[in-house]
Amino acid sequence: MTTARVGHRPPRSPAARSGAAGTAEEAEARALRRRRRLRSRLTALAFLAPLAVYLGAFYVYPLYRNLDLSLRDYTVRSFVAGDAPFSGWDNFRTVLDDPTFGPALRHTMLFTFVSIAFQYVLGLALAVFFNRHFRLAGTLRALFLIPWLLPLIVSASTWSWMFNSESGVINYALHLVGASPVDWLTSPDWALTSVVIANIWIGIPFNLVILYSGLQNIPAELYEAASLDGASAWQQFRRITFPLLRPVSAITLLLGLVYTLKVFDLIWIMTKGGPDDSSSTLATWSYQLGFGSLLPKFGPGAAVGNILILIALVFGLLYIRVQRRQEA
């Protein structure tokens with residue numbers, strides 16, 4: 001009679017061994033998937049890290065510093081030492097009570113919306129014109145990009161010379177047709193108009209390029225079908241081109257709004273916000289407060305800058321919301 005040994009396990013069946021092996025393989029597969037997901041996330045973070053550093057260094061930190069400047073009573077000494085006392089909303093109250101705020105805000109709105117309206121309309125007209133693919137269309141389209149490619153200081157200096165009251169080419173042209181010369185840059189009635197004209201000229205190529213690229217995505221079959229149905233060129237534009245171009249138009253107008261609100265160098269080079277603040281905007285006024293005198297007002301200057309950022313943010317969000325409602 002054979003006695004079974006204590007602790008001896010009976011041999012596992014092939015099915016049990018197969019199940020154990022399958023469980024081990026599944027666990028190894030899950031571990032391998034986790035390692036792959038971890039590697040994928042680390043790779044994504046590695047690609048995002050330079051962008052995050054760039055945004056933090058050149059956007060987040062400057063915005064934080066500008067907000068800190070607007071909430072403290074900074075002088076030249078405290079700006080260097082970094083011990084400016086906290087003043088709360090005093091700088092904002094100072095700016096809002098300043099008699100320059102109203103005209104600067106009004107000039108900013110006029111400069112922005114008139115510029116955007118003309119840039120978009122003229123840019124769209126040129127985009128539709130060049131979409132006909134006639135001979136030399138590419139060459140002419142490239143020539144229209146020159147204002148966009150020139151350094152802004154060159155464009156502003158050129159327009160300053162053209163608008164010169166005594167030797168400018170525009171007054172010379174007015175003289176040839178028998179009109180009286182205009183003090184474009186030195187008259188309070190014409191200074192803002194002058195910088196608006198120059199800004200429109202600079203911004204047309206941007207609208208032309210973006211809108212022209214949008215026109216390329218509209219199927220030509222739609223125009224062919226409309227022509228067979230007897231639709232005129234205006235009806236084709238109103239029923240096909242403009243509705244299908246709406247998403248591209250939204251991006252174009254939004255980018256133009258954000259860019260035009262903060263235009264500073266063009267106005268500063270041409271008029272410095274004058275004469276008598278007749279062409280002063282929030283951007284030029286912020287610079288004048290912060291850097292335009294021997295005793296700079298860093299706090300109020302930063303407050304004006306924050307107000308300008310807030311205006312751009314509000315208009316941008318409102319425009320995006322309106323566009324989404326229209327698309328829905």
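The values are calculated or read from the model by the stated rules, or taken from the named source; none is laboratory data. Please read these numbers as outputs of a predicted model, since none were measured by experiment. Please note: Cβ atoms are built from the backbone with ideal geometry, for glycine as well, and neighbour counts cover all protein chains shown.
Of the residues in the range 185-194, at least one is exposed (fewer than 13 other Cβ atoms within 10 Å of the Cβ), charged (D, E, K, R) and either within 30 Å of V169 (Cα to Cα) or touching a Leu at 6+ places or on another chain (Cβ under 9 Å) (or both). Among the criteria (1) modelled with pLDDT under 85; (2) under 19 Å from V304 (Cβ atoms); (3) among the small types (G, A, S); (4) out of contact with any Phe, Trp or Tyr (no Cβ under 6 Å at 6 or more places or on another chain), the one S78 does not fulfil is (2). A count restricted to the range 245-254 and to residues that are surrounded by fewer than 16 Cβ atoms within 10 Å (Cβ to Cβ) and either of a type outside the set (A, V, I, L, M) or free of Cβ contacts under 8 Å to residues at least 40 places away in the same chain (or both) stands at 2.
Scan the range 178-190 and give yes if some residue there is assigned to a helix (DSSP H, G or I) and hydrophobic (A, V, I, L, M, F, W, C), otherwise no. Looking for residues that are assigned to a helix (DSSP H, G or I) and hydrophobic (A, V, I, L, M, F, W, C), one finds none in the range 178-190, hence no.
When N171 is tested against (1) in contact (Cβ under 8 Å) with a residue 24 or more places away in the chain; (2) touching a Pro at 6+ places or on another chain (Cβ under 8 Å), just one condition goes unmet, and that condition is (1).
Give I269, I240 a once-over and let me know the one that is modelled with pLDDT of 90 or more, surrounded by 17 or more Cβ atoms within 10 Å (Cβ to Cβ) and over 19 Å from M109 (Cα atoms). Show your work before the answer.
Numbers: I240 fails: modelled with pLDDT of 90 or more.
Answer to the check: I269.
Only helices (runs of 4 or more DSSP H) wholly contained in the range 74-148 count here; list those with 3 or more residues that are of a type in the set (D, E, K, R) and surrounded by fewer than 17 Cβ atoms within 10 Å (Cβ to Cβ). Passing ranges, in order: 90-97.
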